[in-house]
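The next block holds one structure in the form of structure tokens; read it before the comments.
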Amino acid sequence: MAATPSPTPRQGMLGGVFLTLVAEGIGLPAGLITAMVMTRGLGPGIYGRFMVVASTVAITEWLLIAVLARPIVKFVAEADDWRPVAATSFRVYVLSGLVIGGALWALAGPLAALLDDALLAGYFRLFAVQIPIFAAGAACRNVLAGQARYRQQAMASALGWVGRVLFIVLFLQLGFGIEGAILGSICGTLASALTALLLVGGAVWGQAGFPIRQLMQLALPTFLGLLFARLLDQAGLLTLQALGTAEADVGFYGAAMNVMLVTSVIAAGVTPVLISTLTAARRDSDHALIRQAATGAMRFGIALFPFAAIVAGSSGELAVLLFSRDFSATAPIMAALMVAAVARATVSMMGAVLVALDRAWASAFVVLPLPLLAVGAHVLLIPKYGGLGVALVTMTLAIAASVASVLIASRLVRAPVPLGTLMRSGAITTLAYALAAGWPTPGPLVLVKAGILALAVALAFAASGELTRHELAVLRETALAGRGRPAA
């Protein structure tokens, strides 16, 4: 097969991030639409049950990603022949999905008893069917990312999000309740998996000649890092449920957690590109590109905080618009979790930098103590502050982890922390929050306000010199290429 011309590493990195963020961004409105439909159709109590089950299954699916996702992207990117890596990873993923799905099915009863809600057992068993399907799709999407086929990878993910919305709405309209929502999620996951499988082609069915031991040597620290970071996200919801908090309070917190989808989309778009770019740079001993890419990741993470400030300042209006007035108590929880989500995205991006440089254990050590610290603080704060106390603990620990991860990455790649970006972001964040909170916009107008303020933030960064002319030119060329037009 003839090789196609490749862009420069720097251009490939920026273009890859841009394309995957645009395509994966479909998941954001899709997830919010799903939350809007379900909160209105199910109410706080029943929706809280769904979120407990869905969040637990999401942890299980993230376990599969945590084990092999980043190692697969890395080894595919650096391999002369990626097919053995693809075949090995596909088999490991599917087998693991079957085992974990079967375990969830078998443990559904005890897990429901632990959470003090017998109705959850049936929901866990139904959701268990999704796990091996998700595993097959995840393996194929990771292979696509390692090949730098970011557009195809995002296409499969976006199709899954759209399918999830359509099927959930359909089944809810037919009156299937929580069971219908779970079936809709399964159908959307199946659509994504089949698309990714078709895009990868027959390589996943070929000879699995890549040594599993080599995958696992890198998989262990990446698994621990992603697992404990994910547990930090979920510890609050599960602790609220386990301590017998009112169903409505659990529902409020579960609804607020939907804002974390924003940064999940961002991390999904950025981390595979970082790993691919840095793996190639390290293979070629391109130390300048390594420092440039790592510094770019730091700048990007720091620059996300003004956008979190827009959501935080508009949280009261967004809670009513997205989830109905019954969920107005979600607003302060949403504000804190949005800041936590941005901090977590920075941790994820720095983790990708360290994985590409074979320093995955350094990333893992940052997050290992966080869930235990979180649970201890939750137990103390929930009786008095409820979900808001949980959200503030999550935010504080996530910010601490992001600071630590940036400092570690800066030291390892011998690149200074971008203090200029930090100062610009701090000033713009303060102004963005003040404008969002002080500009009352009821109903759908809050989305217009958010869009205007987001554009203002982007222009403020550009005007302050944060984006170089070269970076702006690359983004413009990539956007025009994505639309099928030649760049001028």
| note | Taking every alpha carbon pair in segment 405-469 and sorting the distances into 5 angstrom bins from 0 up to the bin holding the longest one, the percent per bin comes out as 3, 15, 20, 17, 15, 13, 8, 5, 3, 1
| message | If Rh is defined by the Kirkwood formula over all Cα pairs and Rg also comes from Cα, what ratio Rg/Rh do you get for segment 45-162? | response | 1.06
| task | For Leu380 and Ser464, calculate 0.36 nm times their separation in residues minus their Cα-Cα distance, and state this gained length in nm to one decimal. | result | 25.9 nm
| Total formal charge among the other residues, if their Cβ is under 15 angstrom from that of Val204, Lys/Arg +1 and Asp/Glu -1 | +3
| field | Net charge over other residues, Cβ less than 15 angstrom from the Cβ of Thr189 (K, R count +1; D, E count -1) | value | +1
| message | Suppose the chain between Ala103 and Arg291 were pulled fully straight at 0.36 nm per residue; how much longer would it get relative to their current alpha carbon spacing? | response | 63.3 nm
| field | the chain: translational diffusion in µm²/s, Stokes-Einstein, Kirkwood Rh over Cα pairs, 10 °C, 1.306 mPa s | value | 70 µm²/s
| request: Convert 37 °C to kelvin, take the viscosity as 0.692 mPa s, use the Kirkwood radius over C-alpha pairs of segment 270-333 as Rh, and evaluate the Stokes-Einstein diffusion coefficient in µm²/s, rounded to a whole number. | output: 227 µm²/s
| Rule-of-thumb check for segment 292-425: C-alpha Rg over 2.2 N^0.38 Å? | 1.16
| Counted charge near Ala404, where neighbours are those whose Cβ lies closer than 15 Å (Asp, Glu -1; Lys, Arg +1) | +3
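Work out the FRET efficiency for Arg325 and Leu455 from their Cβ-Cβ distance, taking R0 = 30 Å, and round it to the nearest 0.05.
Taking R0 as 30 Å, the efficiency between Arg325 and Leu455 is 0.55.
Read-outs: derived from the displayed coordinates by stated rules, not from any lab. All values reported here derive from a predicted model rather than from experimental measurement. Please note: Cβ atoms are built from the backbone with ideal geometry, for glycine as well, and neighbour counts cover all protein chains shown.
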